[in-house]
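To start, the structure itself, in structure tokens.
Throughout, read-outs are computed from the coordinates displayed, never taken from laboratory work. Owing to the predicted nature of the structure, the values given are computational and were not obtained by experimental measurement. For neighbour counting, all protein chains shown are included, and Cβ atoms are generated from backbone atoms with ideal geometry for every residue, glycine included.
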Amino acid sequence: MRDMMVLIEPLIPGLRRYARSLLRDADAADDLVQDCLERVVGRWHQRRADGNARSWAYTILHNLAVNRMQQRARRGTHLTMENAPEAALAEPPAQESPLHNRDIVAAMQRLPDDQKAVLLLISVEDLSYAETARVLDIPIGTVMSRLSRARERLRREMADTPATLHLRRVK
């Protein structure tokens, strides 16, 4: 145990510098060094007797740092409730989205078939004007005029529908 302390204790300042340069956060680096030292002490018996304790400790620190960075990339940064900006905690309401989508589909169903076909092929299926003209066997100018009329009619119908639901309050 004494020989381990003699070999490891002088490495701590260098381990801290390396951890800080990797993580760029003093608190996280100190935690990383702590975890590294726990592994070094806990697995000291697994170290090769002829191996270099310094390189072994730095390897453990480096691998722990890589794992932490990958974990942070997967999970995102950790925010405490007190330090989180209100915008990070707020989420737009999702109740109206399906209703809005339903209104758009209903408005599209009310379009004349020729306008609906052009609008769906260009907007939903992502065909070009020329491809749409070939599919429907009409001139490209006709495609553009039908698309313009379909978009304008859809815009007018969506403007007539209320943007939000008006629910009565129950106390």
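Points to keep in mind about this one:
- Taking N as its residue count, the alpha carbon Rg of the chain over 2.2 N^0.38 Å: 2.05
- Counted residue by residue at 0.36 nm each, then reduced by the alpha carbon distance between them, the extension gain from ASP50 to ARG75 reaches 5.1 nm.
- Relative contact order for the chain, counting Cα pairs under 8 Å that sit 6 or more residues apart, in percent: 16
- Net charge in the neighbourhood of ARG39 (other residues with Cβ under 14 Å of its Cβ; Lys, Arg +1, Asp, Glu -1) is 0.
- Applied to the range 119-136, the Karplus parametrisation 6.51 cos²θ - 1.76 cosθ + 1.60 on θ = phi - 60° returns per-residue 3J(HN,Hα) values of 4, 5, 5, 7, 7, 8, 7, 6, 7, 6, 4, 5, 5, 5, 4, 5, 4, 8 Hz, with x for Gly and Pro.
- For the range 96-160: relative contact order, % (alpha-carbon pairs under 8 angstrom, 6 or more apart): 40
- The range 1-47: trypsin sites (Lys or Arg not before Pro) in DSSP loop, at most 14 other beta carbons within 10 Å: ARG24, ARG43
- For the range 26-84 versus the range 135-159, the inter-centroid distance based on Cα atoms is 61 Å.
- Range in the chain, longest, excluding exposed GluC sites (Glu not before Pro) [loop by DSSP; at most 16 other beta-carbon atoms within 10 Å]: 1-81
- Length released on extending from LEU120 to MET4, taking residue separation times 0.36 nm less the Cα-Cα span: 34.5 nm
- Computed lengthening from ALA130 to ASN101, 0.36 nm per intervening residue step minus Cα-Cα distance: 7.6 nm
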